[in-house]
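Working notes, beginning with the structure itself.
The values are calculated or read from the model by the stated rules, or taken from the named source; none is laboratory data. Values in this document were obtained by computation on a predicted structure and should not be read as measured data. As a convention, Cβ positions derive from the backbone with ideal geometry for all residues, glycine included, and neighbour counts pool all protein chains shown.
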Amino acid sequence: MEEADALSQRIGIMAGGRLQVIGSPQHLKSRHGGGYRVELKGAPETAGGAAALVARLFPSSHLVESHCGHQTFEVEAGAEGGAVKLGAVFRALEAAAAELRLESYALSQTTLEQVFLNIAARQEEQGVAA
């Protein structure tokens, strides 16, 4: 998927044997990606505090996965009233890093793989409902 993202101008995604969407990688991410991913890696005993920090920074976030102090959250694009203010987010994460014993943190746009999974899941839900 990384190669398709880097090299392609248009991408078509098939699910259930049918073409579901077609467009540029950025268009597909914006329209079907769900927004951003926040990943935190730290001490397992401070995971609750880290989750609370993400909830404060992004009220519409939801936990995608959590294990051994590694947490991944999904944040809807534009759900916080516009563009994500990266400076404020990184300042808050940096300020809390020592207290929450964060080893690393990252904010990234949803990947094409996640776009595909979202589209496939939606197609499967429609197939079950039909």
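Residues are listed down the side, and each one gets a yes or a no for (1) surrounded by 11 or more Cβ atoms within 10 Å (Cβ to Cβ); (2) touching a Cys at 6+ places or on another chain (Cβ under 7 Å); (3) more than 25 Å from residue 1 (Cα to Cα); (4) modelled with pLDDT of 90 or more:
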| residue | (1), (2), (3), (4) |
| --- | --- |
| 53 | yes, no, yes, yes |
| 72 | yes, no, no, yes |
| 81 | no, no, yes, no |
| 123 | yes, no, no, no |
| 126 | yes, no, no, no |
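I'd like the full set of residues that are among the basic types (Lys, Arg) and part of a helix (DSSP H, G or I), limited to the stretch 29-52.
29, 31, listed by residue number.
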Within the stretch 14-28, residues crowded, with 16+ Cβ neighbours inside 10 Å, touching a Gly at 6+ places or on another chain (Cβ under 9 Å) and either outside any strand (DSSP E or B) or of a type in the set (Val, Ile, Thr) (or both) come out as 21
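Being over 11 Å from residue 71 (Cβ atoms), small (Gly, Ala, Ser) and not in a loop (DSSP other than H, G, I, E, B): is that true of residue 60 here?
Numbers: over 11 Å from residue 71 (Cβ atoms): yes; small (Gly, Ala, Ser): yes; not in a loop (DSSP other than H, G, I, E, B): no.
Considered against the rule, which asks whether it is over 11 Å from residue 71 (Cβ atoms), small (Gly, Ala, Ser) and not in a loop (DSSP other than H, G, I, E, B), residue 60 comes out as no.
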